[in-house]
1. So which residues in region 74-129 are over 23 Å from residue 18 (Cα atoms), within 16 Å of ligand 2 (Cβ to nearest atom) and at pLDDT 90 or above, if there are any at all?
2. Only residues that are more than 19 Å from residue 175 (Cβ to Cβ) and away from ligand 2 (no atom under 16 Å from the Cβ): list them for region 243-253, please.
3. Criterion first (modelled with pLDDT under 90 and more than 13 Å from the chain's Cα centre (by Cα)) does residue 55 satisfy it?
4. Being free of Cβ contacts under 8 Å to residues at least 40 places away in the same chain and over 18 Å from the mean Cα position of the chain (by Cα) is the filter; apply it to region 168-188 and report the residue that is farthest from residue 89 (Cα to Cα).
5. Residues of region 296-334 being buried (at least 21 other Cβ atoms within 10 Å of the Cβ) and within 16 Å of ligand 1 (Cβ to nearest atom), which ones?
6. Out of curiosity, is residue 213 without any contact (Cβ under 8 Å) to a residue 12 or more places away in the chain and closer than 17 Å to residue 232 by Cβ?
7. If a residue has to be in contact (Cβ under 8 Å) with a residue 24 or more places away in the chain, surrounded by fewer than 19 Cβ atoms within 10 Å (Cβ to Cβ) and in a loop (DSSP other than H, G, I, E, B) to count, how many in region 342-356 make the cut?
8. From the residues in region 14-23 that are out of contact with any helix residue (DSSP H, G or I) (no Cβ under 9 Å at 6 or more places or on another chain) and surrounded by fewer than 16 Cβ atoms within 10 Å (Cβ to Cβ), which one is nearest to residue 100 (Cα to Cα)?
Amino acid sequence: MAVSDMYEKSLAAFLKPIAEFLADKSISEIMINGPDEVWIESGGKIFKTSAKFTPEGLDAAARNMAQYVGRVINEERPRLDARLPDGSRIHVVLPPIGRKGTTISIRKFFPGKLTVAQLVDFGSMTKAMARFIDACVATAQNLVVSGGTGSGKTTLLNVVSSLIPNEERILTIEDSAELQLLQDHLVPFESRPADKFGKGAVTMAHLLQSALRLRPDRIIIGEVRGGEAFDLIQSMNTGHSGSMCTVHANTPTDTLRRLESLCLMSAVDLPMVAVRAQVASAIGVIVQCARFHDGSRRITHISEVLPLNEKGDYRTQDIFVYTITGKDENGRFVGYHAPTGILPNFLNQCHAYGFSEMDEAFFDPASYGVPRPKSAGVQAVNTRWISRLEDGKEKEPGKPFDQEKLQVLEKAFVKTLEERDEEPPPFWEKGSGVVPDDSKQEIPRNDSGEPDDQQDEQENEAAAGKDSGSKSKSPRRSLDWMRKSGAKEGKPKSTAAALLARQLERRKSGSAAGSRQARIPGARRPKSLTTDQDEE
Ligand SMILES: Nc1ncnc2c1ncn2[C@@H]1O[C@H](COP(=O)(O)OP(=O)(O)O)[C@@H](O)[C@H]1O
Ligand SMILES: [Mg+2]
């Protein structure tokens with residue numbers, strides 16, 4: 001038996017008290033606060049369980065986890081970052097630092113977790129936003145995904161990086177491998193802490209320096225949290241555009257400030273203003289995500305970073321934002337995503353790269369039938385508003401997209417999926433708890449609790465600009481295009497559904513060429529994309 005198999009077996013034995021949670025797909029995180037207290041996260045909410053360890057058993061489990069990844073955990077080094085054999089990420093703190101005993105958190109690994117189509121369907125972003133992010137990636141903006149702990153940064157970085165064209169050479173650098181890219185030309189690196197003699201450490205900063213010498217088209221850094229920030233900003237400013245990373249921060253401007261202080265952490269002696277200017281010019285776009293109290297995760301801002309103002313402060317302008325309008329009867333947040341009416345400065349590039357649907361109406365909240373979001377970032381000298389909102393003031397009322405334009409947009413979105421060989425919904429595992437089930441909160445329900453399809457139809461009509469009585473007054477009616485794929489049963493086959501049918505057909509006929517997953521030997525096929533239909 002291979003040594004790793006041995007560890008795997010013994011680890012399974014040590015973790016027996018939580019075996020059922022490890023196996024349960026609906027549980028995303030397991031938190032062990034000492035032997036007597038185990039909590040789990042399911043559907044975005046946290047629950048206490050009755051599972052218990054013996055103190056020795058839990059201690060042995062922690063040491064086994066360390067051995068499995070060849071790291072040390074002991075009196076001297078009572079903290080450990082590691083991964084379980086299935087890829088789940090763990091962090092351990094031993095007693096007496098962990099005052100309740102051995103403290104472990106297990107963030108479960110879901111192969112092929114989430115896709116663009118799924119995030120859209122869950123209401124984490126809209127199709128228009130997905131398209132815009134696709135444009136940011138295509139035009140090689142340096143992009144930062146930012147948010148708090150567990151806000152979905154890594155998940156979103158995975159999704160965003162799936163938009164990188166397959167021809168590009170991608171280098172990834174992480175502390176613990178979580179990214180799951182499927183592109184052909186991928187060079188993944190993982191940093192390494194020092195051994196028990198304090199030797200052999202390879203930091204993210206080291207790896208970034210190597211990466212720069214390895215002819216990357218794109219560099220993706222899992223989470224920036226140390227001195228590597230400085231090297232990253234340097235590389236972004238010296239021609240390595242299109243890089244991506246995540247940063248722990250709560251607003252777009254905080255993200256820039258956080259990057260700045262991380263830069264100052266590295267030994268380099270540079271005046272703060274110089275660092276500031278470099279950060280501002282390095283970062284192009286910030287995608288901010290947040291975890292809401294109801295357990296849902298959403299993109300709250302897509303913001304463009306502008307040059308520093310005269311006083312040397314950071315400035316960003318929001319292109320898309322999420323506005324909360326209230327709570328529903330189940331205490332879940334209700335709100336809407338909308339463009340602010342501000343045009344990104346790189347819009348011409350977007351057009352050049354084929355995102356021709358991005359006209360002024362694309363950035364007009366009225367086109368989506370929603371009110372103007374209150375927050376729109378700063379008003380800068382060079383802020384370009386859509387002409388209807390010249391200088392940020394409403395000159396004339398806007399109107400929703402017409403049917404023809406909606407079709408153009410739908411086609412564009414399907415193109416984004418198609419270029420990635422991504423299958424549109426509805427084949428994710430519903431109610432798996434990986435995502436809270438509030439995803440459908442925007443769909444009106446009839447008394448039996450079933451989605452109200454009739455109303456759906458009316459919404460579609462309203463979205464198409466037809467008069468369907470009182471319903472069309474709701475601000476969310478024409479959001480339909482932004483939210484749904486239309487790949488639903490019993491509806492006319494949308495382009496998304498047609499694409500899906502084609503892909504299934506291709507797979508049945510045994511042609512591997514159609515699927516990126518199939519092209520990569522040994523690549524894990526995302527579970528969420530295996531369909532019952534396959535077997536039928
Ligand atoms: N858009 C989303 N909707 C619902 N759940 C999500 C979403 N994005 C991420 N999650 C879940 O939230 C948890 C934390 O996500 P992760 O990306 O690891 O967060 P972070 O990197 O910010 O700490 C994971 O279990 C993930 O499956
Ligand atoms: Mg993360």
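The values are calculated or read from the model by the stated rules, or taken from the named source; none is laboratory data. Because the structure is a prediction, the values reported are computed rather than measured. Here Cβ is always computed from backbone atoms with ideal geometry, including for glycine, and neighbour counts include all displayed protein chains.
1. 119, 124
2. If we filter region 243-253 for residues that are more than 19 Å from residue 175 (Cβ to Cβ), which is where we start, we get 250-253.
Answer for region 243-253, where residues must be more than 19 Å from residue 175 (Cβ to Cβ) and away from ligand 2 (no atom under 16 Å from the Cβ): 251, 252, 253.
3. No; evaluated as a whole, the condition is false for this residue.
4. Going through region 168-188, the residues free of Cβ contacts under 8 Å to residues at least 40 places away in the same chain turn out to be 181, 185-188.
Filter again for over 18 Å from the mean Cα position of the chain (by Cα), leaving 185-188.
Working: 185: 25, 186: 21, 187: 21, 188: 17 Å.
Selected residue: 185.
5. 296, 297, 298, 299, 300, 301, 302, 320, 322
6. Spelling it out, residue 213 is indeed without any contact (Cβ under 8 Å) to a residue 12 or more places away in the chain and closer than 17 Å to residue 232 by Cβ.
7. 4
8. Only one residue fits best here, namely 20.
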